[in-house]
Amino acid sequence: MRYPIMIEFGTDTTAFGVVLPDLPGCFSAGDTLDEAVTNATEAATLWIEDMIDRGESIPAPSRLDAIVQTPEWSGSGWMPGFVNIDPTIFDERAERVNITLPRRVLARLDARAKDAGESRSGFIARLALSA
């Protein structure tokens, strides 16, 4: 999935700034153009994951030509581009996995899950999402 980005040119003393117009409040920067785009990809992924975790909807990507025609982004200080987001972050399907743990660790895990009123899988998922 490709989200459009707008890149503000950097100088010898300032970083390249990157804004993702479709993801409110999502921005990044980097000392080089490549670093700025890489950091923007990470920022967008984290923004989307946070919204999913909070049960919020994710805006669909806009068309780049529509964005660059708006007054906010049409100035000469901005360069358009894209970040590619791995679509698997949107996949909520359950998948069976096989893990190996020492029995003492598994017993402790099961006891904590039981105390929390959760299944083993649900407890592990909640721990992973809260980290």
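Here the extension length gained between LEU127 and ARG54 equals 24.8 nm, from 0.36 nm per residue of separation less the Cα-Cα distance. Each of VAL68, VAL19 was scored by other Cβ atoms within 10 Å of its Cβ. Arranged with the fewest first, they read VAL68, VAL19. Helix 103-115 against the longest principal axis of the chain: what's the angle in degrees, Cα atoms only, rounded to the nearest 10? Relative to the chain, helix 103-115 is tipped by roughly 80 degrees. Taking other residues whose beta carbon is less than 14 angstrom from the beta carbon of LEU101, and scoring Lys, Arg as +1 and Asp, Glu as -1, yields +4. For region 41-131, the Cα gyration tensor yields ellipsoid semi-axes of 42, 13, 11 Å (square root of five times each eigenvalue, largest first, whole Å).
Within the shell of other residues whose beta carbon sits under 10 angstrom from the beta carbon of TRP78, the net charge comes to -2, with Lys and Arg scored +1 and Asp and Glu -1. Computed per residue of the chain from DSSP H runs no shorter than four, each worth -39500 (n - 2.57), the mean residue ellipticity at 222 nm is -12000 deg cm²/dmol. In terms of surrounding Cβ atoms within a 10 Å radius of their Cβ, SER57, SER121, SER28 rank from fewest to most as SER57, SER121, SER28. The residues packed around GLU42, meaning those with a beta-carbon under 12 Å from its beta-carbon, carry a net charge of -3 if Lys and Arg are +1 and Asp and Glu are -1. Panel order for GLU95, GLU8, GLU56, by other beta carbons found within 10 Å of each beta carbon, from fewest to most: GLU95, GLU56, GLU8.
The region of the chain that goes longest without hitting one of the trypsin sites (Lys or Arg not before Pro) in a DSSP loop, each with at most 10 other Cβ atoms within 10 Å, is 1-53. Modelled spin-label separation between GLU42 and ARG103, with each label point placed 7 Å from Cα along the Cα-to-Cβ direction: 4.3 nm.
FYI, it's all coordinate maths here, none of it is from the lab. Being a predicted model, the structure only gives us computed values, none of them experimental. With ideal geometry, Cβ positions are generated from the backbone for all residues, glycine too; neighbour counts draw on all protein chains shown.
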